[in-house]
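Colleague: Before I ask anything, let me first share the structure, which is written out below as structure tokens.
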Amino acid sequence: MTESIARTWRRSSYSGADNACMEILIPPPLGRAPIRDSKVPHGHVIDFPDTAWNSFIEAVRRNGTPGTPGLKVSSQNPY
């Protein structure tokens, strides 16, 4: 018998008052990183391989994002 896992969409703590941000499914399915637009919660989901998502998060931690050099990303990354 398979065990049911409760999952929820988590929005970035950096999102503004308009909640215009991306969300990630927590906990993520094994080997995947599902991402969606918080403004369109019933829209499409982009399903990245977890290795690609990890590389993206590490690059942001090291280099920041365009216009925000040195941006600190939470160490609570579920990956």
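The values are calculated or read from the model by the stated rules, or taken from the named source; none is laboratory data. Owing to the predicted nature of the structure, the values given are computational and were not obtained by experimental measurement. Reconstructed Cβ throughout: ideal geometry from the backbone, glycine too, with neighbour counts over all protein chains shown. With ligands, DNA and RNA removed, areas are computed over all heavy atoms of the protein, side chains included. Shrake-Rupley method; radii C 1.70, N 1.55, O 1.52, S 1.80 Å.
Colleague: On the full set of protein chains, 1.4 Å probe, figure out the accessible area of VAL45 and give it in Å² to the nearest 10.
Modeller: Accessible area, nearest 10 Å²: 70 Å².
Colleague: If I stretch the segment between ASP37 and MET22 completely, what's the gain in nm (0.36 nm per residue apart, minus their alpha carbon distance), one decimal? Present the calculation step by step, with values, prior to reporting the outcome.
Modeller: Details: separation 15, 0.36 × 15 = 5.40 nm, distance 0.47 nm.
Full extension of this stretch gives 4.9 nm more.
Colleague: So who's got an amide H within less than 5 Å of the one on MET22, skipping anything under 5 residues away but keeping other chains? H placed 1.01 Å off N, in plane.
Modeller: Amide H neighbours of MET22, under 5 Å, 5+ apart: SER12, SER38.
Colleague: Rounding to the nearest 20 debye, state how big the charge dipole of the range 7-46 is about its Cα centre with +1 on each Lys and Arg Cβ and -1 on each Asp and Glu Cβ. Let's see the in-between values first.
Modeller: Values: 6 positive and 3 negative charges, 32 e Å.
The dipole magnitude comes to about 160 debye.
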